[in-house]
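Input: a single structure, listed below in structure tokens.
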Amino acid sequence: MSPSVRLQEMIRVIRSARTQCEERGVIQRECAAIRAQFRQADNVGRSHNLAKLLYVHMLGYPAHFGQMECVRLIASPRYSEKRVGYLGAMMLLDEKQDASLLITNSIKNDLSHSNQYVQSLALCTLACMGSAEMCRDLAPEIDRLLRTSNSYIKKKAALCAVHIVRKVPELGELFTTAAHSLLSEKNHGVLHGAVVLITELCEQNPESLAQFRKVVPELVHIMKGLVMSGYSPEHNVAGISDPFLQVRILRLLRILGRNNDTASDAMNDLLAQVATNTDSSKTAGSAVLYETVLTIMDIKFHVTHYFFPLVLSFIFGFNSCVVLFIRRSYISMMSLQKIVQTDHNAVQRHRGTIVDCLKDPDASVKRRALELSLALVSAVNIRSMMKELLLFLSSCPPELRAQAASGIFSAAERYAPSQRWHIDTILHVLTTAGADVRDETVPNLIQLITTANELHSYTVHKLYRALVADISQQSLVQVACWCVGEYGDLLLRAECDDTEPVQVTEDDVLDALETVLQSHMSSPATRGFALTATMKLSTRITHNVDRIRSIVSIYGSCIDLELQQRAVEYNALFKKYDHMRAAVLERMPVIDKTSPGHSKGEMTAGPVQERDQTQKQPAVETVSQESTNQVRV
Amino acid sequence: MQFMLLFSRQGKLRLQKWYVPLSDKEKKKITRELVQTVLARKPKMCSFLEWRDLKIVYKRYASLYFCCAIEDQDNELITLEIIHRYVELLDKYFGSVCELDIIFNFEKAYFILDEFLLGGEAQETSKKNVLKAIEQADLLQEVRHNYFL
């Protein structure tokens, strides 16, 4: 049996194992046999034994005992053995292993071998796993190979140089001249390697970048040749001539054109040509256009601006699945965000598509669609956009809720068509995503409510209903308690223009507040709100003041310090300062957004100063001083 | 490109090419997590996803997933083309390639890949030239020519 059949036979045997245990048994046996074979000095099937080991390694089993065999095989004069030896080295050795140093000499020798396929093995291995030390050692060899006349070797040497520069950036200088001269080659493989190398040199070293700007005309010339040339069967992919090379050239042009007027100007025509002549119905063309758009958006603005219509038509122009990616990609969104700042209307036209992306199953697409949608909200489209955004909020992934809520508040604040709409919107958010809103939402909403004089009745009705329905969303409950406490009289009077009035008794309202006080779902802050609201009602209701008195006195011995303190103070208000109670608990004045605040996000009746009996002013409820505007998106 | 993985729908690894230095343990961890992530994707989702700090480009051909990890500045769409080109090369070489070809001739799959990509970058953009080089190298391996190069 010829050795290679033995390898395939082994693979067959391993695959036919019915259990993991059986597989392990087979592999242990094979590895033992392989180890024994390695120990033999001369052996016809050496390369096949190593290949077997590599297969076993890919299944996840340890294969480190094969490392030295790789070293030995690489040094063999037989091509088949070298080939597998180098493959083994790339799979089993990495620069962290000591054994990798041992192959440096073999690589060095093979780099100058008379047979190009042997040279190729060495180049491939060096580019794949060469350590910094190996790179330093062999860099001069690579430079020499860059100047050979053999294209097959030159193209590989170029990419090897790329690896060397990545590992040891200072060696970049060594390759600069050779890299430049490679640009005049006709061979596409060599050209591609040259462009990649120059890109790497420019990225590593700003001086090289400055130097290489002078090749912009050359690059433009090569690109033009590719774009305008007729059909070339060898390099054609879906009607595009060597898209791989085109993409790399465009990327290099981007780096050279960034922040440089001359370079940007020099590529202006070319970019227009590429954009108009590239058929993007298939991936190859789309890849080129994508890179073109990236370049357009990144070079000097006076060039970019000219291309806005083109970028937009590229992003929104097509329906193929591949281009949908472009539409949603980070770069598209970045580009659109840039464009939106200067030419809002141009992007507005495509708002529908962007909003559709809110429904995309992919979470990263959703995130970008959200950012862009928020950027596109305006006074004109606020109602329809808000519908979409609230819909989004109710089903969006949890990690996006805070951002969405915050963005919605911001948009509502800037463009609310009416106060009632504004309040409704905020309530909707609190109901849907109350747990994800920021702390200052509560005082901000309360402040808003106080300013909407005609809507107090409407608001308290809505909030009472919400409170009775569900007390789990803390921010909503806090605002509801505050409202009920403040405007409970309007609720009891059952008069409301804008919504169905409720028929409630004083007991109903007190029940609702007591439920909040007693619920394990209520946070200490929420209970504070409920207690204060209960207290406030003592001046707004007529029949159940005693009930309030007893609630308040119970909490005088509450284990929560904050509640206890309040209850004690309210008790005092009932007993010693009853004559002040009405004044202290009077209807709040409209809160000024910029009024000085003390506590963070809590609305509390300021504790009555026991000693200051002359104070007749209602205690000013403190408002959070935090940002008067919500977070900007 | 940082690495390329080929795996079956059951998550079995058929080829792994690493262009960055990582320990065996790290490679195993990455492979396991990434395979899981890609296999969980629904058919209608697009071929690109963000994973850790990398961009992942993947495409399924019959029973095999071809998965590449590229860096921020790399072009996702051209990576799709690279994957497609590699599949075409395998197809031409094996004649209507299937997963079994890659299992039983995995070394050849690596040799072909190494003639197309070098250090994570495309080295030859002509399909014809890659296949010609493989053909020549294979000839060199024939027993007749194998003694003392």
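No value in this document is a laboratory result; all are computed from the given coordinates. Please read all numbers here as calculations on a predicted model, not as lab measurements. Virtual Cβ from ideal backbone geometry, glycine too; neighbours counted across all protein chains shown.
What is the gain in length, in nm to one decimal, between residue A:499 and residue A:218 on full extension, counting 0.36 nm per residue of separation less the C-alpha to C-alpha distance?
Details: separation 281, 0.36 × 281 = 101.16 nm, distance 7.31 nm.
That pair, residue A:499 and residue A:218, stretches by 93.9 nm at full extension.
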Original post:
For residue A:576, which lysines qualify as cross-link partners when the Cα separation must be under 16 Å and same-chain residues fewer than eight apart are set aside?
Top reply: A:616
**OP:** Evaluate the charge dipole of chain A about its Cα centre and quote only its size in Debye, nearest 20, assuming +1 on the Cβ of each Lys and Arg and -1 on the Cβ of each Asp and Glu.
**Re:** 2360
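Cα gyration tensor of the stretch A:38-138, axes a ≥ b ≥ c as square roots of the eigenvalues: rounded (a/c below 1.5), prolate (a/b > b/c) or oblate?
oblate
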Subject >> Inter-label distance for residue B:87 and residue A:387, nm, one decimal - labels placed 7 Å from Cα along Cα-to-Cβ >> reply: 4.2
**OP:** Quick one: what are the phi-derived ³J(HN,Hα) couplings along the stretch A:575-585, Karplus 6.51/-1.76/1.60 with θ = phi - 60°, whole Hz, x for glycine and proline?
**Re:** 7, 7, 10, 4, 5, 9, 4, 4, 5, 4, 9
Subject >> Hz values of 3J(HN,Hα) by residue in the stretch B:16-27 - Karplus curve (6.51, -1.76, 1.60), Gly and Pro given as x >> reply: 9, 10, 10, 10, 10, x, 9, 6, 3, 4, 5, 4
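Suppose R0 equals 30 Å; then what is the FRET efficiency for residue A:18 and residue B:37 from their Cβ-Cβ distance, rounded to the nearest 0.05? Walk me through the intermediate numbers first.
Values: r = 29 Å, r/R0 = 0.97.
FRET efficiency, residue A:18 to residue B:37: 0.55.
Which entries of A:387/B:42; A:108/B:108; B:44/B:108; B:17/B:59; A:214/A:282 show an alpha-carbon separation above 22 angstrom in the structure shown? Walk me through the numbers on the way to the answer.
Values: A:387/B:42 28 Å; A:108/B:108 25 Å; B:44/B:108 32 Å; B:17/B:59 16 Å; A:214/A:282 33 Å.
Result: A:387/B:42; A:108/B:108; B:44/B:108; A:214/A:282 exceed 22 Å.
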**OP:** Please list the non-local residues whose amide H lies under 5 Å from the amide H of residue B:15, H modeled 1.01 Å from N, same-chain partners needing a gap of 5 or more.
**Re:** B:6
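What FRET efficiency comes out for the pair residue A:184/residue A:344, r = Cβ-Cβ distance, R0 = 56 Å, nearest 0.05? Walk me through the numbers on the way to the answer.
Values: r = 47 Å, r/R0 = 0.83.
Taking R0 as 56 Å, the efficiency between residue A:184 and residue A:344 is 0.75.
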**OP:** Scan the stretch A:474-544 for trypsin sites (Lys or Arg not before Pro) in coil per DSSP, keeping those whose Cβ has at most 11 other Cβ atoms within 10 Å, and list them by number.
**Re:** none
Subject >> Cα centroid separation - the stretch B:79-123 against the stretch A:241-308, whole Å >> reply: 30
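With a cap of 11 neighbouring Cβ atoms within 10 Å, and only residues DSSP puts in a loop, list the chymotrypsin sites (Phe, Trp or Tyr not before Pro) found in the stretch B:79-149.
B:147, B:148
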Original post:
In terms of the Cα gyration tensor, with a ≥ b ≥ c the square roots of its eigenvalues, is the stretch A:105-209 rounded because a/c is under 1.5, prolate because a/b exceeds b/c, or oblate?
Top reply: oblate
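Subtract the Cα-Cα distance of residue A:39 and residue A:399 from 0.36 nm times their separation in residues, and report this length gain in nm to one decimal.
123.8 nm
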**OP:** Work out the mean other chain Cβ neighbour count within 10 Å for the residues of A:124-130 and drop it here as an integer.
**Re:** 5
Original post:
Going toward the positive end of the dipole of the stretch B:29-99, with +1 on Lys and Arg Cβ and -1 on Asp and Glu Cβ, which of B:31, B:51, B:63 do you reach last?
Top reply: B:63
**OP:** Convert each backbone phi in the stretch A:483-499 into a coupling constant with the Karplus relation 6.51 cos²θ - 1.76 cosθ + 1.60 (shift: θ = phi - 60°), then list the ³J(HN,Hα) values in order as whole Hz, x for Gly and Pro.
**Re:** 5, 4, x, 7, 10, x, 4, 5, 5, 6, 6, 6, 10, 7, 7, 8, 8
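Using the crude model of +1 on Lys and Arg Cβ and -1 on Asp and Glu Cβ, and no other charge, please compute the dipole size for the stretch A:173-243 relative to its Cα centre, in debye to 20. Numbers along the way, then the final one.
Details: 4 positive and 8 negative charges, 54 e Å.
So the dipole magnitude of the stretch A:173-243 works out to roughly 260 debye.
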**OP:** Go ahead and run the numbers for FRET between residue A:207 and residue A:150, Cβ-Cβ distance against an R0 of 30 Å, rounding to 0.05.
**Re:** 0.45
Subject >> Dipole magnitude of chain B about its Cα centre (Cβ charges: Lys, Arg +1; Asp, Glu -1), debye to nearest 20 >> reply: 680
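Please state the shape class of the protein assembly as shown: rounded when a/c is under 1.5, otherwise prolate if a/b exceeds b/c and oblate if not, all from the C-alpha gyration tensor.
Prolate shape, in that a/c is at least 1.5 and a/b is the bigger ratio.
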**OP:** Find the relative contact order for chain A and round it to a whole percent, using C-alpha pairs within less than 8 Å whose residues are 6+ positions apart.
**Re:** 6
**OP:** Give the residues of the stretch A:202-219 whose amide nitrogen is closer than 13 Å to a point set 7 Å from the Cα of residue A:177 in the direction of its Cβ.
**Re:** none
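So what's the back-of-envelope 222 nm ellipticity for chain A, counting only DSSP H runs of four-plus at -39500 (n - 2.57) apiece and dividing by all residues, rounded to 500? Don't jump to the answer; show the numbers that get you there.
Working: 35 runs with 433 residues, N = 633.
Value at 222 nm, helices only: -21500 deg cm²/dmol.
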**OP:** Counting helices only, and only those DSSP H runs with n ≥ 4, report the 222 nm mean residue ellipticity of chain B as the sum of -39,500 (n - 2.57) divided by its residues, in deg cm²/dmol to the nearest 500.
**Re:** -14500 deg cm²/dmol
